[in-house]
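What follows is one structure encoded as structure tokens, with my remarks underneath.
The numbers here are math on the coordinates, done by the rules we state, and not lab data. Source: prediction; values computed, not measured. Methodologically, a virtual Cβ is constructed for each residue, glycine included, from the backbone with ideal geometry; neighbour enumeration extends over all protein chains shown.
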Amino acid sequence: MRTVHTADLTAGERAQLRAVLDAAFGGTFDDADWAHALGGLHVLAEAGGRIVAHASVVQRALLADGVPLRAGYLEAVAVHPDHQRLGYATAVMDEAERIIRAAYDIGALSASPAGAGLYARRGWVRWPGTTAVLSPHGLAPTPDDDDSTYVLPVGALRLGGVLACDFRAGDVW
């Protein structure tokens, strides 16, 4: 296990990482998803000198009912199919959550139906309110993301109301 900033990944490590993500997500991991995973800290698990599991924590700005929060946003959590069910997801999540708890006001992520159980078992909770994005045209509801947005409360935060994220290309959540 090691943690490395995007700036310190070699070209070879970036290529390995992208291959792991493509394999783990069955070809549905696109260039916007890749861009979302960059710019923060990467938690990497390796076996046989190869990257086999990954989670990245990137900083995002969220608003909870108008209260600004510095969020550790979890992206691209994946384990190569040949290494699943061996504890790698737990290992990368343990470190990613340590980073979030130590440095951010809240953790947040968008969970697929397949991944939601993992996060819920680890104490992540589905945001009980509604979601929105601070788009170039103002605050815009994102009702399709209401059921997939999970948070890891770090401090005393009232859960509920509108949780808004900053705008980005691709999936905003």
ask   = Relative to the first principal axis of the alpha-carbon coordinates of the chain, what is the inclination of helix 88-103, with its axis defined by its Cα atoms, in degrees from 0 to 90 and to the nearest 10?
value = 50
task = Over all alpha-carbon pairs of the chain, lay out the pair-distance distribution in 5 Å bins, whole %, shortest bin first.
result = 1, 9, 18, 22, 21, 15, 9, 4, 1, 0
inquiry  = Tell me the Kirkwood radius of the range 4-92: reciprocal of the mean inverse pair distance over distinct alpha-carbon atoms, in Å.
reply    = 13.6
Among Leu74, Leu86, Leu163, residue whose mean-square fluctuation peaks in a GNM of the chain (springs only between Cα atoms under 10 Å) = Leu86
ask   = What is the chain's relative contact order, in percent, from Cα pairs under 8 angstrom and six or more apart in sequence?
value = 20
query = 222 nm [θ] for the chain, helices only, -39500 (n - 2.57) per DSSP H run of 4+, per residue, to 500?
reply = -8000 deg cm²/dmol
C-alpha center-to-center spacing [the range 132-173, the range 33-112] in angstrom = 17
task = First measure r as the distance between the Cβ atoms of Ser112 and Arg158, then evaluate 1/(1 + (r/R0)^6) with R0 = 22 Å and state the FRET efficiency to the nearest 0.05.
result = 0.25
Three principal axis lengths of the range 16-57 [C-alpha, angstrom, descending] = 29, 23, 11
